[in-house]
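The next block holds one structure in the form of structure tokens; read it before the comments.
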Amino acid sequence: MHPRARLLVDHYAMEPLPVEGTWFVSTWRSDAELGDGGPVGTAMIGLYCDDPPSRSLFHRLTFDEVWHFYGGDPIRLVVLHPDGTDDEVVLGGDPLGGERVQHRIPAGAWQAGELVAGGRWALFGCTMSPGFTGTCFEGGRTSVLVASHPGRAVDIERLAVPDDHATAMPDGFAT
């Protein structure tokens, strides 16, 4: 692992996120709750690194998610929309050069993230309101996503949850 990435993982006591493998730590969970007991809002810090490979596999959430770039190398987000369209966003520290420091992923869109080619590590955050719980997450399987978005097959083959792996967070995760 890149020395700076190791320092960040240790500093924040990050752990691998189930299903996806991203290094993460939950940093805020609202004390206020919704009618179903879920939090009004949540925040987390995540880290991608090149060795061992860390990225966000395709998944969708039932609520919007806002990504924030904090440091390191740029991040590439791939978004597959329910209407069959897709787009790609680069988060990074050069907003005047076209990188974004913040980006909203709409609820119901499949999303995946990774370092840009040649990147070594990146520190980022995600916030949600209503907040994240394990029940609002669904991992995207390769066969399903290739069928709905064949033009992104190369990304899907690399960033989707393998067909024989779990697509749900473990029972009780983030509750």
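Taking only protein heavy atoms into account and a 1.4 Å probe, give the accessible area per residue of the chain in Å². Walk me through the intermediate numbers first.
Working: 8500 Å² over 175 residues.
In whole numbers, the chain has 49 Å² accessible per residue.
Projecting each Cα onto the charge dipole of the range 41-152 (Lys/Arg +1, Asp/Glu -1 at the beta carbon, about the Cα centre), which of 71, 47, 133 comes out farthest on the positive side?
Of 71, 47, 133, it is 133.
Sketch the reach of a paramagnetic label on residue 81 as a point 7 Å from Cα along Cα-to-Cβ, and name the residues of the range 32-65 whose backbone nitrogen lies under 20 Å away.
Answer for the range 32-65: 58-65.
So how far apart, in nm, are the two label points at residue 94 and residue 15 if each is 7 Å from Cα heading toward Cβ?
Spacing of the two 7 Å Cα→Cβ label points: 3.7 nm.
Compute the distance from the alpha-carbon center of the range 135-175 to that of the range 26-42, in whole Å.
25
Residue 17's amide H: which non-local residues (gap 5+, or another chain) put their own amide H closer than 5 Å, with H modeled 1.01 Å from N in plane and none for Pro or chain starts?
Counting only residues 5 or more places away or on other chains, the set is 22, 23, 24.
Which FRET efficiency, nearest 0.05, do residue 173 and residue 144 yield, Cβ-Cβ r, R0 22 Å? Show your work: numbers first, answer last.
Numbers: r = 22 Å, r/R0 = 0.99.
Calculated value: 0.50.
Could you please state how large a percent of the accessible area of the range 5-106 is carbon and sulfur, counting protein chains only and using a 1.4 Å probe? Please report the intermediate quantities before stating the final value.
Numbers: 2630 of 5090 Å².
Here carbon and sulfur together make up 52 percent of the probe-accessible area.
Restricting attention to the range 65-139, which trypsin sites (Lys or Arg not before Pro) occupy a DSSP loop and are surrounded by at most 16 other Cβ atoms within 10 Å? Intermediate values should be presented prior to the final figure.
Details: sites: 76, 100, 104, 120; in loops: 120.
Taking the range 65-139 and a limit of 16 other Cβ atoms within 10 Å, the loop trypsin sites (Lys or Arg not before Pro) found are 120.
Inverting the mean 1/r over all pairs of different Cα atoms, compute the Kirkwood radius of the range 59-175 and quote it in Å. Please list the in-between numbers first.
Numbers: mean 1/r = 0.0670 Å⁻¹.
Computed over Cα pairs of the range 59-175, the Kirkwood hydrodynamic radius comes out at 14.9 Å.
With charges only on Cβ, +1 for K and R and -1 for D and E, what is the dipole size of the chain about its Cα centre, in debye, rounded to 20? Don't jump to the answer; show the numbers that get you there.
Values: 12 positive and 24 negative charges, 62 e Å.
That gives a dipole near 300 debye.
The values are calculated or read from the model by the stated rules, or taken from the named source; none is laboratory data. Given the structure is predicted, the values throughout are model-derived calculations rather than measurements. Counting neighbours? That spans all protein chains shown, and the Cβs are built from the backbone with ideal geometry, glycine included. Remember, those area values only see protein heavy atoms, side chains included, never the ligands or the DNA or RNA. Shrake-Rupley method; radii C 1.70, N 1.55, O 1.52, S 1.80 Å.
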